[in-house]
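The numbers here are math on the coordinates, done by the rules we state, and not lab data. Bear in mind that the values here come from a model prediction, so they are computed numbers and not experimental data. When we count neighbours, we look across all protein chains shown, and the Cβ atoms used for this are built from the backbone with ideal geometry, even at glycine.
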């Protein structure tokens, strides 16, 4: 795992931990409430994914749902959609991108590259269209889009710092 992956994975884990702490929910309690809504999950799997920073946007949306937390206003219609959590994640990202409709996927890939995030347009479009986007990539996207949707879970300045650190990495400097 690269240093950038570690930083962004850590931020993704922090967002989830904050969402849980704000509502006083433990990992065991989360697993129990997720199972109650038909999402098969174990405490051990949650702890493991959070330790690695490999959580998906869908998990954050599920946490917001089961804790009845105040969701970002921009996401309300997406969260109310019927269907799968992946459909909702896709709609959340579409809502974020809709705030800057001039940013097409190729431009978003370019903006991500500016902060040292290497992805392809094909990969990004696939993750967006399936709703299987890692929370770390979602955080990277909202950082380059300048969105403050998650202001109750993480300071935008922390996202900006991670973006700045990624773009200054020796691996990302011109030779």
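Worth pointing out:
- For residue 148: the one exception among (1) in contact with a helix residue (DSSP H, G or I) (Cβ under 8 Å, 6 or more places away or on another chain); (2) under 27 Å from residue 21 (Cα atoms); (3) in a helix (DSSP H, G or I): (3)
- Of all residues in the range 101-133 being buried (at least 19 other Cβ atoms within 10 Å of the Cβ) and in a loop (DSSP other than H, G, I, E, B), the one that is nearest to the chain's Cα centre (by Cα): 133
- Hits in the range 20-41 (condition: part of a loop (DSSP other than H, G, I, E, B) and surrounded by 14 or more Cβ atoms within 10 Å (Cβ to Cβ)): 23, 25, 39, 41
- Within the range 88-100, the presence of at least one residue that is over 26 Å from residue 46 (Cβ atoms) and not in a helix (DSSP H, G or I) is confirmed.
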